[in-house]
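Since every read-out is calculated from the coordinates, none of them should be taken as a lab result. As the structure is a computational prediction, the values presented were derived from the model and not from experiment. We place every Cβ from the backbone using ideal geometry, glycine too, and count neighbours over all the protein chains shown.
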Amino acid sequence: MYDIIVIGGGPTGSHTAHLLAEKSHSVLVLEKNPGVGQKLCCTGIVGLECVNTFNIDDKVILKQANSATLYAPSGEPLHIERPEPQAAILDRSAFDKFMAKRAQSAGAEYRFSSRVTNVNFNSEQANVTVADGDKEYQVAAKAVVVASGFVPGLNKRLGLGDFKDYAVGAQAEVSAPGLNEVEVYFGGMAPGFFAWLVPTEKGKARAGLLARAEAGLLLKKWLNELAEQGKIKSAEVKISYGGIPLKPPPRTYGERMVAVGDAAGQVKPTTGGGIYYGLIGAEIAADILNQALEDNDLSAKRLARYERAWRRKLGGELRTGYWARKFFERLNEPQINRMFRMIKAGGIDEALLKAKDVSFDWHSKTIKSLLKYQIFKKLS
Ligand SMILES: Cc1cc2nc3c(=O)[nH]c(=O)nc-3n(C[C@H](O)[C@H](O)[C@H](O)COP(=O)(O)OP(=O)(O)OC[C@H]3O[C@@H](n4cnc5c(N)ncnc54)[C@H](O)[C@@H]3O)c2cc1C
């Protein structure tokens, strides 16, 4: 029997596996794909705080970014730039492989093409049912870490409940040789959310958007417009999709179980970025599980400490971010255009760029300071 089985070899599963294996616990990671870093749908932008906190290898960073241009629905641009890089654009596949390798070096075992279909818990252990091609078998552990990403069916089956709100992301790799910096677009191409063009390497870029529904159709339409404008070379590209939780599920722990990353809704509701918060969740989970394994107490009551701890760290950000998300979704295009004009005319962009507490990852202070301005007071 393993000490821990991790369901999913994404970044948060691998990070939890790494930290627990480092503490000499036996860890098995079950990944449904034939390897890590496959079938991904992610832009891979993280703040430098994330890179530094989790010692992300420079080799998986494609580019750093210190500027971006935001476009209002009217097309009016708002350029923001800081002297120092703020964010890194990761090679997401290489990043997942790097995280898995680090876990394997610490002693974690990986099994690929191993899809977890269910887990049964009893007072002694967690029995994990694994489908590997035509074969189905069981493997046992003292506890499981659910790090399977946004998979509502599995969350429900394991008793974690349903995600109450989520968005769908659609993205494609495009050829955009003239693109030099991140571009973010607001308006009809992504109602209530935003679309992006993010340069990666050798004239390539990631083009994507978030939406509540029909993300693929919206992206196809937008890509055709970009191709007509000459911004990208062709709209004939393969689109990938992914769900993004905007709110955590009702529970992120149970008897002999914790959930981390997207499975726990540890995602910024403002942007849908989940890598940094998910890794923070993984670190807290590993710490609580390590103590619980040492005390041989993996009861739901004991593991409730995990949910309390991660909510103490991230809960305020998730609540304020969700409020801001709903506020933004209520605005119509003329209101967003007005907001852009007022930000520029009132020097709000300059003030924010100079403010020390404006962060790529922690948005609640920025959201609260924006509400001091008349334009946001009027709209809210
Ligand atoms: C279009 C789009 C763009 C995004 N851009 C960004 C961004 O720029 N920055 C950012 O921070 N975040 C971004 N995100 C979010 C980010 O991708 C996720 O937050 C992040 O991948 C969560 O990591 P995770 O380890 O929790 O889950 P995942 O990365 O989803 O990993 C879960 C793993 O579990 C495996 N799995 C699933 N079910 C099973 C099962 N039953 N059995 C075994 N294995 C299973 C999967 O194959 C996968 O390998 C984006 C998301 C989308 C959709």
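Highest GNM mean-square fluctuation, the chain, Cα pairs closer than 10 Å: which of 308, 111, 251?
Maximum fluctuation in the GNM of the chain, among the listed residues, is at 308.
What nm value, rounded to one decimal, do you get for the distance between residue 52 and residue 1 when each label is placed 7 Å out toward the C-beta?
With each label point 7 Å from Cα toward Cβ, the separation is 4.4 nm.
Starting from the Cα-Cα distance between residue 157 and residue 181, subtract it from 0.36 nm times their residue separation and give me the gain in nm to one decimal. Could the numbers behind the result be given before it?
Working: separation 24, 0.36 × 24 = 8.64 nm, distance 4.24 nm.
Computed gain between residue 157 and residue 181 is 4.4 nm.
Starting from 0.36 nm per residue, how many nanometres of slack lie between residue 228 and residue 105 once their C-alpha separation is accounted for?
Values: separation 123, 0.36 × 123 = 44.28 nm, distance 4.85 nm.
Extra length from residue 228 to residue 105 when fully extended: 39.4 nm.
Can you run phi through the Karplus equation (6.51, -1.76, 1.60; θ = phi - 60°) for region 16-21 and list ³J(HN,Hα) in whole Hz, with x for Gly and Pro?
The phi angles translate into 4, 4, 4, 5, 6, 5 Hz.
Take the Cα atoms of region 38-106, build their convex hull, and give its volume per residue in Å³.
So the per-residue Cα hull volume is 98 Å³.
Using the Cβ atoms and a cut-off under 14 Å, what net charge is assigned to the surroundings of residue 313, where Lys and Arg are +1 and Asp and Glu are -1?
Working: positive: 268, 305, 308, 311, 312, 319; negative: 49, 283, 287, 307, 317, 361.
With Lys, Arg at +1 and Asp, Glu at -1, the net is 0.
Treating cross-link reach as a plain straight distance, find the aspartates and glutamates whose alpha-carbon is under 14 Å from the alpha-carbon of residue 202, omitting any fewer than eight places away in the same chain.
91, 173, 181
Take every Cα-Cα pair in the chain and report what % of them are more than 39 Å apart. Write out the running numbers ahead of the final one.
Values: 12794 of 72010 pairs.
In whole percent, the long-distance tail amounts to 18.
Find out how many positive minus negative residues lie around residue 201, taking Lys and Arg as positive, Asp and Glu as negative, among other residues whose Cβ is under 9 Å from that of residue 201. List each step's numbers first, then the result.
Details: positive: 63, 202, 204; negative: 91.
So the surrounding residues net to +2.
Subtracting the Cα-Cα distance from 0.36 nm times the residue separation, let me have the gained length for residue 330 to residue 140 in nm, one decimal.
On the way: separation 190, 0.36 × 190 = 68.40 nm, distance 4.77 nm.
Stretched fully, the residue 330-residue 140 segment lengthens by 63.6 nm.
Provide the net charge surrounding residue 23, with neighbours chosen by a C-beta distance below 15 Å and charges set as Lys +1, Arg +1, Asp -1, Glu -1. Don't skip to the answer; put the middle values down first.
Working: positive: 102, 142; negative: 3, 22, 283, 287, 294, 295.
Here the charged neighbours net out to -4.
Top mean-square fluctuation among 252, 270, 69, Gaussian network model of the chain, C-alpha springs under 10 Å?
Comparing 252, 270, 69 in the GNM, the peak value goes to 69.
Set the bar at 32 Å for Cα to Cα. Now go through 97/238; 101/233; 238/368 and name every pair that lies beyond it. Write down the numbers at each step before the final one.
Working: 97/238 23 Å; 101/233 36 Å; 238/368 39 Å.
In this structure, 101/233; 238/368 exceed 32 Å between Cα atoms.
Using alpha-carbon positions, what is the distance between the centroids of region 126-178 and region 281-345, in Å?
19 Å
Among 113, 123, 359, which one shows the biggest mean-square fluctuation in a GNM of the chain, springs joining Cα atoms closer than 10 Å?
Highest fluctuation of the listed residues: 123.
Sum -39500 (n - 2.57) across every DSSP H segment of at least 4 residues in the chain, then divide by the residue count to get the 222 nm mean residue ellipticity, nearest 500.
Details: 11 runs with 136 residues, N = 380.
For the chain, the value works out to -11000 deg cm²/dmol.
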